[in-house]
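Colleague: Mind having a look at this structure? Questions to follow.
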Amino acid sequence: MKMAGVQPHMVEIEPGTVMNFWVPNETVKKPQKGEKKNDTPTLTKPNKPVVVLVHGFAAEGIVTWQFQVGALTKKYSVYIPDLLFFGGSITDKTDRSPTFQAETLVKGLRKIGVEKCILVGFSYGGMVAFKMAELYPDLVQAMVISGSILAMTDSISEATLSELGFKSSSELLLPNSVNGLKALLSVATHKKLWFPNRLHKDYLEVMFTNRKERAELLEGLVINNKDPTIPKFVQKIHLLWGENDQIFKLEHAQNMKEKLGETVTFQGIQKAGHLVQLERPCVYNKCLKQFLTSLLENEEQK
């Protein structure tokens, strides 16, 4: 990852809450001659347009976006946070809502010098990104959303789980056996992947920590059907979707596009499921870079 242009940096948001970020190498200040190497080095402000990649529920940031980092770091300052209870990020607070994740992430970004950014949110990370854009329009310039929705209502949750053949979101997203992980990967991909059982076991051990808190995050995600209000977003939003997504199908993207209006564009990627950025990384990166380039060109013209 360091060769790709990023390195890990732990940020204390407040006492009891820390968040891990992968930050651009060029923002990490090297110690001067005679200075001691600090455990947490000072960061400088980014000098390129900022892209923040927000991960989903089944893996931490760097695993989710492993094929995107190197494709973006030449032109952009890329930041990859680990949301709370993923990849070393932790809190002693009891709030498990996407709003709390969004607020914590914004505090973290501001602490490391990010004043404006483009968000790329996948699945659970897309819901956090929507909250960030709604609450902090001064920070979020635009968004790319893949395999996500505005909010997980109880009817969408029940219908999705029923279609996929799972009793609960924890059963789907917090597998505790090799077969459970295989079932998750099976519904999350278009082309069936084969990995040896040893790798599945290692993945379960490394990626599914903080199970109690993550189960609470899933409970905090689902809201009542009567609650959802459609925010008025001022940002441009690009929906970049795997056309064979079984978890959040194409119709979810089309419904969202209709509800959110003219600021939203849509692009589908063929032969890709929910994990579109991992299944078709070259196509995904090309589409992502096209959107970012056109967005920044429009900004310059203004």
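Colleague: Starting from residues that are within 16 Å of Ile230 (Cβ to Cβ) and of a type in the set (D, E, K, R), keep the ones in region 119-140 and report whichever is nearest to the chain's Cα centre (by Cα).
Modeller: Among those that are within 16 Å of Ile230 (Cβ to Cβ) and of a type in the set (D, E, K, R), it is Lys131.
Colleague: Additional query: Can you work out which of the residues in region 216-254 that are basic (Lys, Arg) and assigned to a loop (DSSP other than H, G, I, E, B) is modelled with the highest pLDDT? Can you show your working first?
Modeller: Taking region 216-254 as the starting set, the residues that turn out to be basic (Lys, Arg) are 226, 232, 236, 249.
Next, only the ones that are assigned to a loop (DSSP other than H, G, I, E, B) stay: 226, 232, 249.
Details: Lys226: 60, Lys232: 89, Lys249: 92.
This residue is Lys249.
Colleague: Still on this structure, I have one more. Based on what the data block shows, is Leu184 in contact with a strand residue (DSSP E or B) (Cβ under 7 Å, 6 or more places away or on another chain), touching a residue at least 40 places away in the same chain (Cβ under 8 Å) and either open to solvent by less than 30 Å² (accessible area, probe 1.4 Å) or part of a loop (DSSP other than H, G, I, E, B) (or both)?
Modeller: Values: in contact with a strand residue (DSSP E or B) (Cβ under 7 Å, 6 or more places away or on another chain): no; touching a residue at least 40 places away in the same chain (Cβ under 8 Å): yes; either open to solvent by less than 30 Å² (accessible area, probe 1.4 Å) or part of a loop (DSSP other than H, G, I, E, B) (or both): yes.
No; evaluated as a whole, the condition is false for this residue.
Colleague: On to the next question. Look through Val120, Val78, Val106, Val51 and report the one residue that is part of a strand (DSSP E or B), at pLDDT 95 or above and over 16 Å from Glu26 (Cα atoms). I'd like the intermediate steps shown before the answer.
Modeller: Details: Val78 fails: over 16 Å from Glu26 (Cα atoms); Val106 fails: part of a strand (DSSP E or B); Val51 fails: over 16 Å from Glu26 (Cα atoms).
So the residue among Val120, Val78, Val106, Val51 that is part of a strand (DSSP E or B), at pLDDT 95 or above and over 16 Å from Glu26 (Cα atoms) is Val120.
Colleague: Can you tell me how many residues within region 66-87 are in contact with a Gly (Cβ under 6 Å, 6 or more places away or on another chain), of a type in the set (Val, Ile, Thr) and open to solvent by less than 10 Å² (accessible area, probe 1.4 Å)?
Modeller: Adding up the residues that qualify gives 1.
Colleague: Which residues, taken from region 88-105, are of a type in the set (A, V, I, L, M, F, W, C) and either open to solvent by 50 Å² or more (accessible area, probe 1.4 Å) or under 14 Å from Phe21 (Cβ atoms) (or both)? Steps first, please.
Modeller: Filtering region 88-105 down to residues of a type in the set (A, V, I, L, M, F, W, C) leaves 90, 100, 102, 105.
Answer for region 88-105, where residues must be of a type in the set (A, V, I, L, M, F, W, C) and either open to solvent by 50 Å² or more (accessible area, probe 1.4 Å) or under 14 Å from Phe21 (Cβ atoms) (or both): Ile90, Leu105.
Colleague: Is it the case, given these coordinates, that Gly125 is assigned to a helix (DSSP H, G or I), out of contact with any helix residue (DSSP H, G or I) (no Cβ under 7 Å at 6 or more places or on another chain) and surrounded by 18 or more Cβ atoms within 10 Å (Cβ to Cβ)? Walk me through it before giving the result.
Modeller: On the way: assigned to a helix (DSSP H, G or I): yes; out of contact with any helix residue (DSSP H, G or I) (no Cβ under 7 Å at 6 or more places or on another chain): yes; surrounded by 18 or more Cβ atoms within 10 Å (Cβ to Cβ): yes.
Yes.
Colleague: Further question: Just checking, does region 249-265 include any residue being within 22 Å of Val50 (Cα to Cα) and open to solvent by less than 60 Å² (accessible area, probe 1.4 Å)? Reasoning before the result, please.
Modeller: The initial filter retains those residues of region 249-265 that are within 22 Å of Val50 (Cα to Cα), namely 263-265.
This time we only want the ones that are open to solvent by less than 60 Å² (accessible area, probe 1.4 Å), so: 263-264.
Looking through region 249-265, at least one residue is within 22 Å of Val50 (Cα to Cα) and open to solvent by less than 60 Å² (accessible area, probe 1.4 Å).
Colleague: For Ile13, only one of the following conditions fails: (1) among the aliphatic types (A, V, I, L, M); (2) under 18 Å from the mean Cα position of the chain (by Cα); (3) closer than 25 Å to Arg214 by Cβ. What is its number?
Modeller: (2)
Colleague: Only one of (1) within 18 Å of Thr209 (Cβ to Cβ); (2) touching a His at 6+ places or on another chain (Cβ under 9 Å) fails for Trp65. Which number is that?
Modeller: Failed condition: (1).
Colleague: Something else about it: So is Val234 open to solvent by 80 Å² or more (accessible area, probe 1.4 Å), touching a residue at least 40 places away in the same chain (Cβ under 8 Å) and over 21 Å from Arg280 (Cβ atoms) or not? First the steps, then the outcome.
Modeller: On the way: open to solvent by 80 Å² or more (accessible area, probe 1.4 Å): yes; touching a residue at least 40 places away in the same chain (Cβ under 8 Å): yes; over 21 Å from Arg280 (Cβ atoms): yes.
Yes: the conditions hold for Val234.
Colleague: Please go through (1) of a type outside the set (Asp, Glu); (2) in a helix (DSSP H, G or I); (3) under 25 Å from Ala58 (Cβ atoms); (4) under 20 Å from the mean Cα position of the chain (by Cα) for Phe266 and return the number of the only condition it doesn't satisfy.
Modeller: Result: Phe266 passes all but (2).
Colleague: Would you mind telling me which numbered condition in (1) modelled with pLDDT of 95 or more; (2) in a loop (DSSP other than H, G, I, E, B); (3) touching a helix residue (DSSP H, G or I) at 6+ places or on another chain (Cβ under 6 Å) Lys93 fails?
Modeller: Unmet condition: (3).
Colleague: Would you be able to say whether some residue in region 29-50 is within 20 Å of Met207 (Cβ to Cβ), hydrophobic (A, V, I, L, M, F, W, C), touching a strand residue (DSSP E or B) at 6+ places or on another chain (Cβ under 8 Å) and surrounded by 14 or more Cβ atoms within 10 Å (Cβ to Cβ)?
Modeller: Taking region 29-50 as the starting set, the residues that turn out to be within 20 Å of Met207 (Cβ to Cβ) are none.
Checked region 29-50: no residue is within 20 Å of Met207 (Cβ to Cβ), hydrophobic (A, V, I, L, M, F, W, C), touching a strand residue (DSSP E or B) at 6+ places or on another chain (Cβ under 8 Å) and surrounded by 14 or more Cβ atoms within 10 Å (Cβ to Cβ).
Colleague: Taking the conditions exactly as written (crowded, with 20+ Cβ neighbours inside 10 Å, of a type in the set (A, V, I, L, M, F, W, C) and touching a residue at least 60 places away in the same chain (Cβ under 8 Å)), does Val63 satisfy them or not? Give the derivation first.
Modeller: On the way: crowded, with 20+ Cβ neighbours inside 10 Å: no; of a type in the set (A, V, I, L, M, F, W, C): yes; touching a residue at least 60 places away in the same chain (Cβ under 8 Å): yes.
Here the answer is no, as Val63 does not meet what is asked.
The values are calculated or read from the model by the stated rules, or taken from the named source; none is laboratory data. All values derive from a computational prediction rather than experimental measurement. Quick reminder, even Gly has a Cβ in these numbers, built from the backbone with ideal geometry, and neighbours come from all protein chains shown. These area figures cover heavy atoms from the full protein model, side chains too; ligands, DNA and RNA do not enter into them. Shrake-Rupley method; radii C 1.70, N 1.55, O 1.52, S 1.80 Å.
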